[in-house]
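J.: Okay, here's the structure, questions in a sec.
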Amino acid sequence: MGDIRLIEVKEEILADNIKVAAGVRERLQKAKTMLLNLMSSPGSGKTSLILRTVEGLKGSLRLGVIEADIDSTVDAEKVAARGIPAIQLRTGGFCHLDATMVTQGIDAMAVNEFDLVIIENVGNLVCPAEFDTGAHKNVMILSVPEGDDKPFKYPLMFSICDLLLVNKIDYLSLSDFDMAALRGRVLALNPRITILEVSCKTGAGIEGWIDWLKAEVAAFKGLK
Ligand SMILES: Nc1nc2c(ncn2[C@@H]2O[C@H](COP(=O)(O)OP(=O)(O)O)[C@@H](O)[C@H]2O)c(=O)[nH]1
Ligand SMILES: [Mg+2]
């Protein structure tokens, strides 16, 4: 038997990804297109939030969407049905998007024509936190049925995000979810994070999300 060579690929892949991500950010900065990476567990409400966002922006910002899925196009179809340009990236088994995959997405769209591009990342709270997509803002959703203990289990995800949306607040009365405890746990990991409570079903809190989005895009474009 020959010697076994063990290669630590993960670090190299991550280092390479950091460079590509920086390139994506710079390219979109020049195009004045803000890229927002939306992450959560499967079923927390990413697609529902994007559909609410289309409605809430009412054409005030030019919005494009990049959908990532392991092997389906259902979310991109829902977005495209609202008249919003949508690109579907099929990751073919990968549990996250990296900056090279995002580059393929933005190559396929005329980025100069958008003020804001939202990426719906693959649903999970682990891998997407490790890979910089090149986005200018990272946003995550935690939904009430997932429980208020998730900052203990997925600290990296909560640490890298600019905004946490706590979705499905319409379930609060049916649940033992402790919002104050959640806020304390999240802020202990990431004191600069903004936390907003929303329901994509009832529309509660969505106005606050739209206001945050508009203010961030304006700041990004240097208008504020
Ligand atoms: N009750 C309730 N259901 C929601 C809410 N947001 C999303 N859902 C439902 O949760 C399920 C998963 O939502 P989806 O947007 O597909 O999640 P994704 O997998 O993160 O994209 C769907 O059946 C949605 O209708 C909410 O605020 N309240
Ligand atoms: Mg979805």
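J.: Got a sec? What order do THR73, THR133 fall in by accessible area at 1.4 Å, biggest, i.e. largest, first?
T.: Solvent-accessible surface, decreasing: THR73, THR133.
J.: Tell me the Kirkwood hydrodynamic radius of the chain in angstroms, computed as one over the mean inverse distance between distinct C-alpha pairs.
T.: Averaging 1/r across every pair of different Cα atoms and inverting gives 18.1 Å.
J.: In the chain, which whole DSSP H runs stretch at least 24 Å along their own axis (Cα) and average 0.5 or higher on the Kyte-Doolittle scale?
T.: none
J.: Still on this structure, I have one more. Could you check how much of the accessible area of the range 63-147 is carbon and sulfur, as a whole percent, using a 1.4 Å probe?
T.: Roughly 52 percent of what the probe reaches on the range 63-147 is carbon or sulfur.
J.: Now for a different question. May I ask you to derive the relative contact order of the chain, considering only C-alpha pairs under 8 Å and at least 6 residues apart, and to give it as an integer percent?
T.: After rounding, I find 24 percent.
J.: Suppose we take every Cα in the range 161-201 and form the convex hull; what volume per residue is that in Å³?
T.: Enclosed volume per residue, from the Cα hull, is 59 Å³.
J.: Within straight cross-link reach of LYS201, meaning Cα distance under 21 Å, which lysines are found once same-chain residues fewer than 8 apart are removed?
T.: Leaving aside lysines fewer than 8 places away in the same chain, those within reach of LYS201 are LYS46, LYS58, LYS78, LYS168.
J.: I've got another one for you. Please give me the summed charge of the neighbours of LEU51: other residues whose Cβ is under 14 Å from its Cβ, Lys and Arg +1, Asp and Glu -1.
T.: +1
The values are calculated or read from the model by the stated rules, or taken from the named source; none is laboratory data. Only a predicted model underlies this, so the values are computations on that prediction, with no experimental measurement involved. No Cβ is skipped: glycine too gets one built from the backbone with ideal geometry, and neighbour counts run over all protein chains shown. Surface areas here come from the heavy atoms of the whole protein model, side chains and all, with no ligands, DNA or RNA. Shrake-Rupley method; radii C 1.70, N 1.55, O 1.52, S 1.80 Å.
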